[in-house]
Amino acid sequence: MQFSNIKHLLLILLTFISLSVSGTNKDTNSSKGVAITYEAGYRYSIDSKVLGETRELLIHLPKDYHNSDKKYPVIYLLDGDGNFRHATSAINSLTSEDHMPEAILVGITNKKGMRTRDLHDQRDQFWSYIKTEVIDFVESNFRVSQHRTLFGHSFGGDFVMQGFIENNTWFDSFIAASPAMEESIVKQYKELEVVK
């Protein structure tokens, strides 16, 4: 590429960057658009004795929750901070088409940099947090049925599979989406299939 072409490319890039920056500084009141908001649910804080820290839960309730006395199954969603918004959209769509029953969704969030600790290095402690504190909070504050589902994706899917093998009395259903399973878990799962 010739030097003059590089100068033109740099000029185009600088023009684009300046337009982008000036566009972000515009007064939003003078724009013709209206902000899109999306109400996904509620955020709660739990002072966890098991983990020794404050953790957050994101909770999505069925549309008619406050207008009924019905009890709902609960879906516990790992990596709630990253998966909650599209999970609520999926639930809303599936329930509106009668492809699944209405359910309460509980997003179990991660603290920054603690995902590997919770889902792998200290998974027994995280299981204890879910079983004794998260489930207790949800069942003490919301109308729930006895049906519990645990959902995890990728590393969370590995955690779900381990839960299915070792802690399967706590949940009725397990969903492991694209689980990043360790070889030891695959072996345990295969042994479990043989026993059944």
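Annotations for the structure displayed:
- Complete set of residues in segment 62-91 that are buried (at least 16 other Cβ atoms within 10 Å of the Cβ), of a type outside the set (A, V, I, L, M) and more than 13 Å from the chain's Cα centre (by Cα): P62, Y72, P73
- Scanning segment 93-115 for residues that are within 15 Å of D81 (Cβ to Cβ) and of a type outside the set (A, V, I, L, M, F, W, C) yields G107, T109, N110, K111, K112, G113, R115.
- None of K111, K131 is within 19 Å of the chain's Cα centre (by Cα), surrounded by fewer than 20 Cβ atoms within 10 Å (Cβ to Cβ), closer than 29 Å to H66 by Cβ and touching a residue at least 12 places away in the same chain (Cβ under 8 Å) except K131.
- Identity of the residue in segment 167-179, farther than 17 Å from I108 by Cα and touching a residue at least 12 places away in the same chain (Cβ under 8 Å), that ends up surrounded by the fewest Cβ atoms within 10 Å (Cβ to Cβ): S178
- Failed criterion for F16 (all others in (1) surrounded by 10 or more Cβ atoms within 10 Å (Cβ to Cβ); (2) modelled with pLDDT of 90 or more; (3) not small (G, A, S) hold): (2)
- When the test is whether a residue is assigned to a helix (DSSP H, G or I) and crowded, with 19+ Cβ neighbours inside 10 Å, V160 passes it.
- Flag if D118 is within 21 Å of G52 (Cα to Cα), at pLDDT 90 or above, among the acidic types (D, E) and in contact with a His (Cβ under 7 Å, 6 or more places away or on another chain): no
- Members of segment 108-145 that are outside any helix (DSSP H, G or I) and farther than 20 Å from F164 by Cβ: T109, N110, K111, K112, G113, M114, F142, R143, V144, S145
- Count of residues meeting criterion [in contact (Cβ under 8 Å) with a residue 24 or more places away in the chain and out of contact with any Lys or Arg (no Cβ under 8 Å at 6 or more places or on another chain)] in segment 41-58: 5
The values are calculated or read from the model by the stated rules, or taken from the named source; none is laboratory data. The structure displayed is predicted, hence computed values, not measured ones. Heads up, the Cβs are rebuilt from the backbone with ideal geometry, glycines too, and the neighbour counts pull from every protein chain shown.
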